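First up is the structure itself, then whatever we jot down about it.
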Amino acid sequence: MGFLSAKLYVILRQKRSTVQTFQWACGVPIAWGKCYTTESLSQVYELMDDIWKDHPEDQPGFLFYDDACNLVCHMVTSHPESLWLHSTRFIVDAFHYVTHRATDAVCHLWCNPSPIDGSQPDLLISQVNEAREVILQCAYNSEAAEQL
């Protein structure tokens, strides 16, 4: 149900480039794009827009990205009329969220990969552990793109 974005660093002629991949949570790639010199929020936004420009109705419901909170802030300030802000929930992947949540209110409220307030029931599943306690567990692999 969600998409993931990952980074693959490549050295070309002493310049650093980043290949951004977009793929299903199961790991099947959808598209990729190259960010020159460094990966910037504007480049990531442009890649997303370019991939879905002909079919905006197919924009994903969830998009996992290691810097999703700053991407959301970028879109709100630079592209306030963007369809992305209405069609997609941007989530920081679980690995990177650990370093974001303590200091970033936007990240904690809008990009939380495991909201326990019931706001995103598709992101969590209930499991019963050995002590017969109900625990919440992630219903997806937010690191699938990192494993490509």
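A short reminder: the numbers here are calculations on the coordinates, not readings from a lab. On a predicted model such as this, the values are computed, not experimentally measured, just so you know. Cβ placement follows ideal geometry from the backbone for every residue including glycine, while neighbour counts extend to all protein chains displayed.
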Amide H to amide H under 5 Å from Gln59: which residues, 5+ apart in sequence or cross-chain, H placed 1.01 Å off N in plane?
none
Please list, in order along segment 52-69, the HN-Hα scalar couplings obtained from phi with the Karplus expression 6.51 cos²θ - 1.76 cosθ + 1.60 (θ = phi - 60°), rounded to whole Hz, x for Gly and Pro.
9, 4, 7, 9, x, 5, 9, 4, x, x, 10, 9, 9, 8, 5, 10, 4, 5
Exposure proxy check on Tyr140, Tyr65, Tyr45, Tyr36: fewest-to-most Cβ neighbours within 10 Å is Tyr36, Tyr45, Tyr140, Tyr65
Distant-in-sequence amide H partners of Gln23 (H built 1.01 Å from N, under 5 Å):
Leu4, Ile30
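Suppose the chain between Lys34 and Glu133 were pulled fully straight at 0.36 nm per residue; how much longer would it get relative to their current alpha carbon spacing?
On the way: separation 99, 0.36 × 99 = 35.64 nm, distance 4.57 nm.
Taking Lys34 through Glu133 to full extension adds about 31.1 nm, to one decimal.
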Residue exposure sequence - Met48, Met75 - by fewest surrounding Cβ within 10 Å:
Met75, Met48
